[in-house]
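Rule-based calculations on the coordinates, nothing more; no lab input. As the structure is a computational prediction, the values presented were derived from the model and not from experiment. Don't worry about glycine lacking a Cβ; one is built from the backbone with ideal geometry, like all the others, and counts go over all protein chains shown.
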Amino acid sequence: MDPYGLCLEESFRRSGCYFSMQNLLLLADQLLSRVEFIHSRNIFHGSLTPWSFAFGRDGWQSQQVLLVDFDTQSGPEVSAQSDIYAVGRILTYFYNGSYSWEQYQRFSTSDMMKNTAPVFSAYLDSVSACDPVDYDRLRSIFREAHQDLAIQMEAALGLRGPRAIQVGVRPNSSVLSTMATRDLFNILILKLARAGGRATGATTTLMLQTCTQLLEHLEEILDVYIVLLSRDRFSPQTQEGAMQAFHLPNCLWRDLRWFLSHSDHATCEFRLAFIGKIYKFIAILYEAVPSYRPYWTEYLLILSHARTKAEPSCGKSAWTQTEFYWRNLLKKQKGEL
């Protein structure tokens, strides 16, 4: 099975040539992350287009953007700056929405800057003045704009609580996405109850069949949560929202910890499978739902620590470095570095 679904261009066309501003700001963050990764491996693309990126396949991976085109170019004009400039051009193309990509490629820089949003103009200005590339600074342009948008939407619409602005790059296309939120929570309760029934009375070392079934239940629960999180609305009143029973990061982590605690009684292979699946899910949320990044960072630190302990000696070094990365990032977010 392919690891990805629709490319960005195809998704854009299917949506009626329209991505909302909040979706574009979230998309920008992920595009920069993908490009930063290949640059860290000394790979420069040179010909990024809307077909170079795609969403993950349906299910909870559909909120993640992947780089799927590795037909890289070479030449003196190919550089980190040319790639991040191409990201800005892709974003302004989606913002404009009136032309095909081929037509838009003929736009001059001045025309492109004149017909786009100030946040994208600010990004393109920063790209030209950014040598070497400061990826964090460039991402902060979009993150600050997203935060400002949340505050403005809350003021304009008079919304309160942790649901002031919709997040999520692409609506989930599963049947779950058509259901009412209350029904989704009822399904979640039912699936958790079934998982609990599977684990009840299990022996010290969970049997192969039980572990397999629990992994299937975990996958189903993640499918529900990704739809709920795609509907969640962020509010600047994060601290107040965190005290509410419906605060999704808290609910999610409570349920995932239950699976982790039961995986303690499984074989090493199954424990690694449980940790790996949960880690990947939270890592996707870190990118797709950045409003709750402090939560995701803390959870990823806990998971990487658990993976380090469970990993065979041959793999401990990589996960020790991963744990160190999330620990430092969490300290940075808390202002301790």
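Relative to the longest principal axis of the chain, what angle (0 to 90°, nearest 10) does the C-alpha long axis of helix 21-40 take? That works out to roughly 90 degrees.
Pairs with C-alpha atoms separated by more than 20 Å, drawn from the list K309/K334; K280/K332; K280/K316; K280/K309; K191/K277, are K309/K334; K280/K332. In a GNM of the chain with a 10 Å cut-off on Cα contacts, which of S128, S230, S177 has the highest mean-square fluctuation? Largest GNM mean-square fluctuation: S128.
In the stretch 175-333, taking the dipole from charged Cβ atoms about the Cα centre, the farthest positive-side position among I226, A193, C314 is held by C314. In degrees, nearest 10, range 0 to 90: what is the angle between the Cα axis of helix 181-199 and the longest Cα principal axis of the chain? Result, in degrees: 40.
The chain gives an Rg/Rh value of 0.98, both radii derived from C-alpha positions and Rh following Kirkwood. Relative to the longest principal axis of the Cα atoms of the chain, the long axis of helix 316-333 makes an angle of roughly 70 degrees.
With a ≥ b ≥ c the root eigenvalues of the C-alpha gyration tensor of the stretch 175-333, is it rounded (a/c under 1.5), prolate (a/b larger than b/c) or oblate? Oblate shape, in that a/c is at least 1.5 and b/c is the bigger or equal ratio. Three semi-axes describe the equivalent ellipsoid of the stretch 4-157; taken as square roots of 5 times the Cα gyration tensor eigenvalues and ordered largest first, they are 22, 19, 17 Å.
Report the Cα centroid-to-centroid distance between the stretch 266-334 and the stretch 74-98 in angstrom, as an integer. Centre-to-centre (Cα) distance: 32 Å.
Sorted fewest first by neighbouring Cβ atoms within 10 angstrom, K331, K277 come out as K331, K277. Of the chymotrypsin sites (Phe, Trp or Tyr not before Pro) in the stretch 244-299, the ones in a loop by DSSP (not H, G, I, E or B) with at most 16 other beta carbons within 10 Å are F246.
In a reduced charge model with +1 at each Lys and Arg Cβ and -1 at each Asp and Glu Cβ, the chain shows a dipole moment near 880 debye about its Cα centre. Taking all Cα pairs closer than 8 Å and separated by 6 or more residues, the relative contact order of the chain comes to 17 percent. Residues of the chain were split at every exposed loop site, defined as GluC sites (Glu not before Pro) in a DSSP loop with at most 14 other C-beta atoms within 10 angstrom, and the longest piece left, sites excluded, is 78-335. Taking the fewest neighbouring Cβ atoms within 10 Å as the starting point, the ordered list for Y225, Y93 is Y225, Y93. With equal scatterers on the alpha carbons only and no solvent term, can you work out the Debye log10 of I(q)/I(0) for the stretch 264-337 at 0.16, 0.26 1/Å? Here log10 of I(q) over I(0) equals -0.58, -1.18. Considering only Q30, W101, V127, and ranking their Cα positions along the charge dipole of the stretch 4-157 that arises from unit charges at the beta-carbon of Lys, Arg, Asp and Glu, the one farthest toward the positive end is W101. Of the chymotrypsin sites (Phe, Trp or Tyr not before Pro) found in the stretch 1-52, those that fall in a DSSP loop while having at most 12 other beta-carbon atoms within 10 Å are Y18.
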